[in-house]
Amino acid sequence: MALVLLGTGKHKDMNKDNFNYLIGKTRHEVKAEMGDGFNFFKDDTWTYQVGKTWLGKKVILSVVFSNNKAVNVNLYTTFKNS
């Protein structure tokens, strides 16, 4: 599993624009860049924990694939373990 931390790991340093470069990449290219994580290769949505907020919320990157290409990336925060 790859864990990518940007800057200090503070949420204010996290920005969707930091990950827009993944759009248009294949599953293989995203895997090479971000690692396996706990993602099933053929799933249409992959997630990676990319940091934590000062409150301890996990910052999650979601990568959505269509026709084997990343078409959308989004960041969200959660206290959930999964």
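The values are calculated or read from the model by the stated rules, or taken from the named source; none is laboratory data. Just so you know, these numbers come straight off a predicted model, no measurement behind them. A quick note on method: Cβ atoms are made from the backbone with ideal geometry, for glycine too, and the neighbour counts reach across all protein chains shown. Note: accessible area is taken over every heavy atom of the protein model, side chains too, but ligands, DNA and RNA are not part of it. Shrake-Rupley method; radii C 1.70, N 1.55, O 1.52, S 1.80 Å.
A few notes on this one:
- Condition check for Ser66: modelled with pLDDT of 95 or more, surrounded by 13 or more Cβ atoms within 10 Å (Cβ to Cβ) and small (Gly, Ala, Ser): no
- Some residue of the range 49-57 being assigned to a strand (DSSP E or B), modelled with pLDDT of 95 or more and either open to solvent by less than 20 Å² (accessible area, probe 1.4 Å) or not polar (S, T, N, Q) (or both): no
- Identity of the residue in the range 69-82, at pLDDT 95 or above and polar (S, T, N, Q), that ends up farthest from Ile23 (Cα to Cα): Asn74
- Identity of the residue in the range 67-78, assigned to a strand (DSSP E or B) and more than 18 Å from Met34 (Cβ to Cβ), that ends up farthest from the chain's Cα centre (by Cα): Thr78
- The residue that is farthest from Asn72 (Cα to Cα), counting only those in the range 1-46 that are at pLDDT 85 or above, basic (Lys, Arg) and assigned to a loop (DSSP other than H, G, I, E, B), is Lys42.
- The one condition in (1) assigned to a strand (DSSP E or B); (2) touching a helix residue (DSSP H, G or I) at 6+ places or on another chain (Cβ under 6 Å) that Ile60 fails to fulfil: (2)
- Pairs meeting the criteria (first residue in the range 71-82 and of a type outside the set (A, V, I, L, M, F, W, C), second residue in a strand (DSSP E or B) and exposed (fewer than 11 other Cβ atoms within 10 Å of the Cβ), beta carbons under 9 Å, at least 6 apart or on different chains) are Asn72/Ser66.
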